[in-house]
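These notes concern the structure reproduced below.
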């Protein structure tokens, strides 16, 4: 857990992050030297913004453990059944993702988005991510 990006998707800024959850996980793919690649995480920690029935159902179907707190604004009446548990120690580690976003926004070429085409902008973001990975691992 060093803040290494495992999946990157580029979309316009006016899209809500929670609508990009499933496409981001579908883009998740880690190649291994032997055997099949890993194409889903074992556990996901996310903000309360990701507390939707669609996301929880998707995670349940794919066997992904959700560490997502309940968003009280999404619930009109108290939900019946088993309460949703959140591992607070694991939830504190989500700041790693926020630090990566802060770092990528500090890159002079990435943040203002000088590139017009989505593919060329994705290339710039990937180069910035590679530089970050080299800093973390090197």
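Coordinate-derived values only; no laboratory data. Only a predicted model underlies this, so the values are computations on that prediction, with no experimental measurement involved.
Working note: 222 nm ellipticity from helices only, DSSP H runs with n ≥ 4, each -39,500 (n - 2.57), summed and divided by the residues of the chain, gives -11500 deg cm²/dmol to the nearest 500. The angle separating the long axis of helix 95-106 from the principal Cα axis of greatest extent in the chain is about 30 degrees. Normalised Debye scattering of region 47-123 at q = 0.14, 0.22, 0.26 Å⁻¹ gives log10 I(q)/I(0) of -0.70, -1.02, -1.21, counting only Cα atoms as equal scatterers and leaving out solvent. Taking only the C-alpha atoms of region 1-52, the Rg (one decimal) and the largest Cα-Cα distance, Dmax (whole number), read 12.8, 40 Å.
Only one item in [x] 9.9; [y] 12.1; [z] 10.5 matches mean projected area of the Cα convex hull in nm² derived from the coordinates shown, and that item is [z].
Extension gain, residue 93 to residue 119: 0.36 nm times the residue separation minus the Cα-Cα distance gives 6.3 nm. When its C-alpha radius of gyration is set against 2.2 N^0.38 Å (N residues), region 94-138 gives a value of 1.18. Volume per residue for region 10-87 equals 116 cubic angstrom (convex hull of Cα atoms).
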